Amino acid sequence: MKHRKLYFLIGLILSFGITISLSSCKKDKPGGGGINFFSLEDDKAFGAQVAAEIEGDPDNYPILDSSNYPEAYAYLYAIRDSILESGNVVHKDDFLWKLKIIEDDDVLNAFCTPGGYIYVYTGIIKYLDSEDQFTGVMGHEIAHADERHSTTALTQQYGLDVLLSILLGNNKGTLVQIAQNLVNLKYSRNNESESDMRSVEYLYPTAYDARGAARFFEKIQESGGASGPAFLSTHPDPENRVEAIIAHWETLGGNVGNKFESRYSDFKNSLP
C-alpha cells in the first residue's frame, strides 16, 4: 500500500509537467512542518509570479519608485549586500534578492517571497531605532526564503496541487490571495526559531551587532506589545526569542558590533 501511494504521488507530480525534483525535496527538521516538493527553479518561478501580482496592485501595495528615492534604495541594497556577503546565505547566487519599499506607515511588517523578493513597509522602518535592528529583521525574512520555509508553509496551507496549477498559469484568484496572505504567512515554531538563528549567523561576520532581531523584540515588549510582523505573532513568545538569540550570539563568540543609529535616522528621514 505504501508503494502504491508513493507511485501515485510521483505520478501526480509528473503529470503537471513542471520542474518538481524529488531529489531536491527538503524535509523540515522535527516540528518544522512537512516536506517541500518544490525545486529551486520552482521557488524562483513562483516568487516571480507573486512579485508581479504584488507590484501590479498599487492600491494594496503602494511601492515607492526607486527612481524617486535612489538614496533610500541604495541604503537598503547596501544592507542586503552585507547579509549576502556574510558567507552564510545558502542561496545567495540562486535567488534575485530584489528589494521594494511599500509606503504604509500603519503596517509594522516585512516579508520575503519564495525566490528572494523582499518587501519592507515604511511602518516598520520608521518604528525601529537603529540599523542593526532593521538588519536583524531583514535577515530573519531572508532566512525564510533561503531555508525555503515559504513554499513549505504555502504547500501546507493551500495544497501541492493548487500551487502547481499556479505555476502552470492557472488559479489567478488564488495567486492574488497568496500574495495578500504572504504579509502574515504563519510559519511553524521550528521555522521561526531557525530564521531567528540564521539572522544572527548572517549578521555576525558583518559590522552589525548580530543581536539586532533581539533588540527588535525588546522594543516591541517595551512598547506594550504593539501589533508587529507575522513572525512576532507566532510562537515562541518574544521574551524567549530574545533569550535564544542572545544565547546563539554568545555561542558564536559574543563579539559586539555596531548599531549605526545616526545613519539609520537619516535613512528614515529620507522617506515620505
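Read-outs: derived from the displayed coordinates by stated rules, not from any lab. Quick caveat, the model's predicted, so the values are computed rather than measured. Every residue, glycine as well, gets a Cβ built from its backbone with ideal geometry; the counts of neighbours run over all protein chains shown.
Laid out as a table, the results:
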item: Any chance Gly56 is on the phi > 0 side of the Ramachandran plot and of a type outside the set (D, E, K, R); result: no
item: Candidate set from the range 115-163 (those that are part of a helix (DSSP H, G or I) and of a type in the set (Phe, Trp, Tyr)); member that is surrounded by the most Cβ atoms within 10 Å (Cβ to Cβ); result: Phe134
